[in-house]
1. For residues that are free of Cβ contacts under 8 Å to residues at least 12 places away in the same chain and over 16 Å from the mean Cα position of the chain (by Cα), scanning just region 47-67, find the one that is most open to solvent (accessible area, probe 1.4 Å).
2. Residue by residue through region 98-134, note down the ones that are under 15 Å from the mean Cα position of the chain (by Cα) and closer than 30 Å to Asp181 by Cβ.
3. Does at least one position in region 21-30 carry a residue that is within 16 Å of the ligand (Cβ to nearest atom), surrounded by fewer than 17 Cβ atoms within 10 Å (Cβ to Cβ) and either aliphatic (A, V, I, L, M) or touching a residue at least 12 places away in the same chain (Cβ under 8 Å) (or both)?
4. Hey, can you tell me all the residues within region 104-120 that are touching a residue at least 60 places away in the same chain (Cβ under 8 Å), surrounded by fewer than 19 Cβ atoms within 10 Å (Cβ to Cβ) and either among the aliphatic types (A, V, I, L, M) or in contact with a Leu (Cβ under 9 Å, 6 or more places away or on another chain) (or both)?
5. Looking at Thr215, Thr280, Thr273, can you tell me which residue is hydroxyl-bearing (Ser, Thr, Tyr) and surrounded by 24 or more Cβ atoms within 10 Å (Cβ to Cβ)?
6. Please tell me if Ala83 is at pLDDT 95 or above, open to solvent by less than 50 Å² (accessible area, probe 1.4 Å) and either more than 13 Å from the ligand (Cβ to nearest atom) or among the hydroxyl-bearing types (Ser, Thr, Tyr) (or both).
Amino acid sequence: MTVIDGKATAATIRAELAVRAAAFEEKSGKKAGLAVVLIGNDPASQIYVRNKIRACEEAGIRSFAHFLPENTPQKDALALIKALAADESIHGILVQLPLPRHLDAKELLAAIPAEKDVDGFSAEDIGKLAKNEGGTVACTPLGVMELLRRYRISVAGKRAVVVGRSNIVGRPMAMLLLNADATVTICHSKTSDLKEICREADILVAAVGKPKFITGDMVKEGAVVIDVGMDRDENGKLCGDVDFEGASAHASFLTPVPGGVGPMTIAMLLQNTVEAAERTLS
Ligand code: GUN
């Protein structure tokens, strides 16, 4: 069984992106720029956003961090996003989710122009993904595909099962696997026979947000198991959606938590930012 090293893979990609970011700066006379907006006090989001900002700086991407209080009114958040959209030194805009409940996330995300949407959440990008016509793709599922590619794990013709149907991970993940010619099943909280379906998977992607939800008996012999979860176990320790010990008895490849998919999400955010910057030159 191979433990997929997302941390090392992400470090390689980040070094490659630093070269591209430097080339962009050389050509354009300015750094690629990413604006990151965090509204509220969600502790996990604060860690993610800090990591994103640090990764930008290390890759030679300028970051514009905006931390707004929990009670920020809709109109203030909207005004900030519109100002970032109009700012030519900013090539990508990321609004960290989840947003406080009183805010209308749909309206705020719609204010990000598609060319600056480094999350690939825009209707335009989702439409392109659904039609297999390229476009910017959400960072986490894109990171999963990049891990499969760099570990030379073939997807075409494989049976892929995605557990979870979120807009951020499950849905775009299923679409990417389909575009790579897998036979894809999406499971969710209302799925009956979940265990039996998971046991058919050559590639099993867990994105449910429940600690150790995928147990060893749900993993087919030789399956590739990708754990997108970032959960806490009963002792408050960071863990994934997959019971690592149980799954490792059956899987051929397995991603750990931490150090699997998480670092790839950040690497893909940098990639989407550099590509958004490069597009302004053509
Ligand atoms: N919250 C958790 N993952 C993500 C992500 O990929 N993008 C944004 N904007 N928010 C998130």
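The values are calculated or read from the model by the stated rules, or taken from the named source; none is laboratory data. In this text, all values refer to a predicted model and were calculated from it rather than measured experimentally. Here Cβ is always computed from backbone atoms with ideal geometry, including for glycine, and neighbour counts include all displayed protein chains. Side chains included, ligands, DNA and RNA excluded: accessible areas come from the protein's heavy atoms. Shrake-Rupley method; radii C 1.70, N 1.55, O 1.52, S 1.80 Å.
1. Step one: of region 47-67, the residues free of Cβ contacts under 8 Å to residues at least 12 places away in the same chain are 47, 50, 54, 57.
Now narrow it down to the ones that are over 16 Å from the mean Cα position of the chain (by Cα): 54, 57.
On the way: Arg54: 137, Glu57: 104 Å².
Selected residue: Arg54.
2. Here is the first cut: in region 98-134, the ones under 15 Å from the mean Cα position of the chain (by Cα) are 98, 117-122, 125-126, 129.
Once the filter is applied, which keeps residues that are under 15 Å from the mean Cα position of the chain (by Cα) and closer than 30 Å to Asp181 by Cβ, region 98-134 yields Asp117, Val118, Asp119, Gly120, Phe121, Ser122, Asp125, Ile126, Leu129.
3. To start, the set of residues in region 21-30 that are within 16 Å of the ligand (Cβ to nearest atom) comprises none.
No - not one qualifying residue is present in region 21-30.
4. Within region 104-120, none qualify.
5. Numbers: Thr215 fails: surrounded by 24 or more Cβ atoms within 10 Å (Cβ to Cβ); Thr280 fails: surrounded by 24 or more Cβ atoms within 10 Å (Cβ to Cβ).
Selected residue: Thr273, the only one of Thr215, Thr280, Thr273 that is hydroxyl-bearing (Ser, Thr, Tyr) and surrounded by 24 or more Cβ atoms within 10 Å (Cβ to Cβ).
6. On the way: at pLDDT 95 or above: yes; open to solvent by less than 50 Å² (accessible area, probe 1.4 Å): no; either more than 13 Å from the ligand (Cβ to nearest atom) or among the hydroxyl-bearing types (Ser, Thr, Tyr) (or both): yes.
No; evaluated as a whole, the condition is false for this residue.
Okay, residues lined up against (1) in contact with a strand residue (DSSP E or B) (Cβ under 8 Å, 6 or more places away or on another chain); (2) under 30 Å from Arg199 (Cβ atoms); (3) surrounded by fewer than 19 Cβ atoms within 10 Å (Cβ to Cβ):
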{"residue": "Ser122", "(1), (2), (3)": "no, no, no"}
{"residue": "Thr136", "(1), (2), (3)": "yes, no, no"}
{"residue": "Leu147", "(1), (2), (3)": "yes, yes, no"}
{"residue": "Asn167", "(1), (2), (3)": "no, yes, yes"}
